[in-house]
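Below: the structure, in C-alpha cells.
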Amino acid sequence: MASAGHVVVLGNEKGGSGKSTTAMHLFVALARQGYRIGAMDLDLRQQSFFRYLENRRAYAERKSAPLLMPEQAAVAPSDAALRAEADAQDRARLRETVAGLRERCDFVIIDCPGSHSVLSQQAHAEADTLITPLNDSLIDFDLLARVDPATGKVLGPSIYAEMVWRGRQMRAEAGRRPSDWVVMRNRMATLDARNKRRVGGMLAELSKRIGFRVAPGFSERVIFREMFLQGLTLLDIRAEGADQPLSMSHVAARQEVRELLRTLALPGVGETV
C-alpha cells in the first residue's frame, strides 16, 4: 500500500477537459487494487465528481450491487467578510482536510474546478501528482502556453502554467518535493493528423521548458457520457451487479485507462484494472 496518502490532483482552468471522468476512472482503478481512496470535489457549484459518485451510490442501492466507494470529504467556504481573511481560512481548511485524508487513505483524489480559485491554487500546492487533462486542440493548449501566431513557436507559459508554478513554489517553501506534473492528451482526433502532430510538437517543446510529462488520455467516446448517470466506469462493466454488455469499444477504452496508469507510475500501483 502507498504510505502518507499520495495526493493526486486533477486540474485545468478550462471546463470540459475530462477532469471528473478521469478522476472517477482513476478512483475505481486504484480501489480495485485494494487501495483506500479519499475523494474531494472543489468545484463548489457543479460538483461533477461528487455527482458522479452520488449516481454511483444510487445505482448500487437500486441494483444491490457492491460497488466500491471512496471516503468523501468537503471543504465549506469561509464566510469571513474580508477577502484576505476568507482566503487564509479556505487554504487552512483545505490543508487540514487533506491532511486528515492522508492519514486514513492510501490515495487522495482531488477534482478542481474549471476556473481559478483559492481552493484550486492550494490544491495544486498539495499535489504529489498533478494531472492536467487537455483536449487536443490549439484552443486548450493556449492555457498552457502563449504561441506566436505567425511562426507557431511557443513563446512562454500561459495562465494555468503560471498557477502550477506558484503551486510548486508553495511546495518548495514548505520543504516538500516538486509535484510530478502530467499533461494528459484527451479526445485526440483520429482524422486530423496535422493538428495532432502540431499540438504534440508544441507539447514536447513546452514540457522541456516548464517540466511536465505527457500521457495518452481518453478518446472521444459516447460511452463516457452515458455511464455518468449510472455512476459507472468502464472498469465496472461486467463487474458484479453491473449489467452492461462489453463491446470492442469498451475493451479499447479500458486499454486507455491501463496506459494512463502505466504512464502515471503512482507509488506501488500496477496496471491491472
Query raised in the report: Does R185 satisfy being surrounded by fewer than 15 Cβ atoms within 10 Å (Cβ to Cβ), of a type in the set (K, R) and either assigned to a loop (DSSP other than H, G, I, E, B) or at pLDDT 80 or above (or both)?
Result: no
Query raised in the report: Would you pick out the residues in the stretch 27-66 that are surrounded by 24 or more Cβ atoms within 10 Å (Cβ to Cβ), modelled with pLDDT under 95 and under 28 Å from P157 (Cα atoms)?
Result: none
Requested in this report: Might you let me know whether the stretch 139-153 holds any residue that is buried (at least 18 other Cβ atoms within 10 Å of the Cβ) and part of a helix (DSSP H, G or I)?
Outcome: yes
Query - Members of the stretch 12-60 found to be of a type in the set (G, A, S), out of contact with any strand residue (DSSP E or B) (no Cβ under 6 Å at 6 or more places or on another chain) and assigned to a loop (DSSP other than H, G, I, E, B), listed by number - result: G15, G16, G34
Query - Residues of the stretch 256-267 that turn out to be at pLDDT below 90 and either surrounded by fewer than 13 Cβ atoms within 10 Å (Cβ to Cβ) or acidic (D, E) (or both), as a count - result: 1
Report task. Kindly indicate whether any position in the stretch 195-205 is of a type outside the set (V, I, T), surrounded by 15 or more Cβ atoms within 10 Å (Cβ to Cβ), within 30 Å of Q122 (Cα to Cα) and at pLDDT 85 or above. Result -> yes
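The values are calculated or read from the model by the stated rules, or taken from the named source; none is laboratory data. These numbers were taken from a predicted model, which means no experiment stands behind them. Ideal geometry is used to build each Cβ from the backbone, glycine not excepted, and the neighbour counts take in all protein chains shown.
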